[in-house]
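Taken together, the values in this text are just the output of simple stated rules run on the coordinates, not laboratory data. Computed from a prediction, not measured in an experiment: that's the story for all the values here. Cβ placement follows ideal geometry from the backbone for every residue including glycine, while neighbour counts extend to all protein chains displayed.
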Amino acid sequence: MLPVATKLFMKQFSAKVLKNCQIADNFLELTLSANEPVSVPLPGQFLTIRVSSSTTPLLRRPFAYAGVTQNSTEFSIIYQKRGNATEILAGKQIGESVDCIGPLGNSFPFPGQNETAILIAGGVGIGPILFFAEGLARKKTPFIFVFGCRTSSLVPDTPAFLKLNPIICTDDGSRGFKGTTADYLQTTNSTIPEKSIFYGCGPGRMLEACYRFANARNAQCWVSVEQVMACGVGACMGCAVKVKTEQKFLRACKEGPVFDANLLVWEEPTK
Ligand SMILES: Cc1cc2nc3c(=O)[nH]c(=O)nc-3n(C[C@H](O)[C@H](O)[C@H](O)COP(=O)(O)OP(=O)(O)OC[C@H]3O[C@@H](n4cnc5c(N)ncnc54)[C@H](O)[C@@H]3O)c2cc1C
Ligand code: FES
C-alpha cells in the first residue's frame, strides 16, 4: 500500500472557464485553465473557488478535482447546483475567470499489488472517484466502478464516465441495477475479488454502508468526506470529523478529506 499523498504545493491562482456544461439534471462539469503554473492535483484532492468578487457568498466553496490533463494547467470539477455559490458558478461563461486555491487536502492511496479497487460513488461524489478510476485505468490496476443515484436523469452520460464501464444503480430502477450501491454490493458479494480494497465518495449513509460492507469482509476502506467547510485550510475546525483516536477530531480540509473509514466514528447501525 502506498502512503496517502502528502500535501502538494498549494497556491491561490486565477483560472479561466473553458467549458461549463450540464451533464445531468442539476449537475454540471466545469473545465478551468489556470492562468499560471500550478501543482498537478491527485485524485481525492480538492480546490476552493471564490465564485464572485462581491461579499455574497463570502466564503470560498470546496470542490473535488474530477480530472486533470497530464502536466497541464487544465482541470475539471463536477458540481451540483445546491445554493447561492453553485448557482453563480453555473452562470459562468467561457472566458470568465474565477479565483481558486489548490490543490488542497490528501488523496486516495493506490491499491497494493494484486488488489482490486472497488470504487463507490454517489451524487456529487462522482468527480473524485472518476478522477481516481482514470488513474487506475492508466496504470492497468483492476477496478470495479459502482455509481448510484436516485433516478436515470441524474446519470452523467459523458464519454469520460461511460468509458470506465460503470455499474449504474438507481433507487427507482429507471436505469441499471434497481437499488442502492450497498444493495448492489450485497447481491454481488461472492463475485467481488477476495483481495479488494474499497473507496467511497458520496452521501454519508452511502459511505457508512460501504465501510460496513468492507469491514464485514475484513477489507480496507477509504472514504472521502464532503464536510461543510469554512476556511478550507486548517485554521477553524469548521470541518472536524469525529475519529476513534485520542485526538477525537480531525480536519477534513487538512488531514482529509480522504480517511481510513476504520478511523472514523460511525453511528451504531440501526436495528
Ligand atoms: C472536500 C469537498 C469536496 C467537495 N466536492 C464537491 C464536488 O466535487 N461537487 C459538488 O457539487 N460539491 C462538492 N462539495 C460540496 C460543495 O462544496 C457544496 O455543494 C457547495 O459548497 C455548496 O455551495 P452553495 O453556496 O451552492 O450551497 P449552500 O447555500 O452553501 O448550501 C445549499 C445546501 O447544500 C447543503 N450543503 C452545502 N455544502 C454541503 C456539503 N459539503 N455536503 C452536504 N451538503 C452541503 C447546505 O446544507 C444547504 O442545504 C465538496 C465539499 C467538500 C468539503
Ligand atoms: S474548514 Fe477550517 S479547518 Fe477545515
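Couple of notes before you dig in:
- Average Cα contact separation per residue, the range 11-104, under 8 Å, 6 or more apart, as relative contact order %: 41 percent
- Only Cα pairs under 8 Å and 6+ residues apart enter the sum, and on that basis the relative contact order of the range 116-226 stands at 28 percent.
- Residue with peak Gaussian network fluctuation, the chain [Cα springs, cutoff 10 Å], from GLN45, GLN186, GLN227: GLN186
- Helix 204-216 axis, angle to the chain major axis (alpha carbon atoms, nearest 10°): 40 degrees
- Seen from all directions on average, the range 116-226 presents a Cα convex hull projection of 6.2 nm².
- Rg and Dmax of the range 97-146, based on Cα coordinates, read 12.9, 43 Å.
- GNM top mover of ILE168, ILE77, ILE88 - the chain, alpha-carbon springs below 10 Å: ILE88
- Overall dimensions of the chain by Cα: Rg and Dmax, Å: 17.8, 54
- Violating pairs (Cα-Cα greater than 21 angstrom) within the set LYS140/LYS195; LYS19/LYS92; LYS11/LYS81; LYS11/LYS244; LYS11/LYS254; LYS19/LYS81: LYS11/LYS81; LYS11/LYS244
- Net charge in the neighbourhood of VAL38 (other residues with Cβ under 12 Å of its Cβ; Lys, Arg +1, Asp, Glu -1) is -1.
- C-alpha center-to-center spacing [the range 192-227, the range 23-66] in angstrom: 26 Å
- Scanning the chain for GluC sites (Glu not before Pro) lying in DSSP loops with no more than 12 further Cβ atoms inside 10 Å, the longest uninterrupted stretch between such sites is 97-193.
- Candidates PRO142, PRO159, PRO57: whichever shows maximal mean-square fluctuation once the chain is modelled as a Gaussian network with Cα springs under 10 Å: PRO159
- The ellipsoid that matches the Cα gyration tensor of the range 216-262 has semi-axes, each √(5λ) in whole angstrom, of 22, 12, 7, with the longest given first.
- Overall, the chain carries a charge dipole of about 240 debye about its Cα centre when +1 sits on the Cβ of Lys and Arg and -1 on the Cβ of Asp and Glu, all other atoms neutral.
- Only Cα sites of the range 11-104 enter the Debye sum here, all with the same form factor; the resulting log10 I(q)/I(0) across q = 0.13, 0.20, 0.22, 0.25 1/Å is -0.37, -0.93, -1.15, -1.51, listed in q order.
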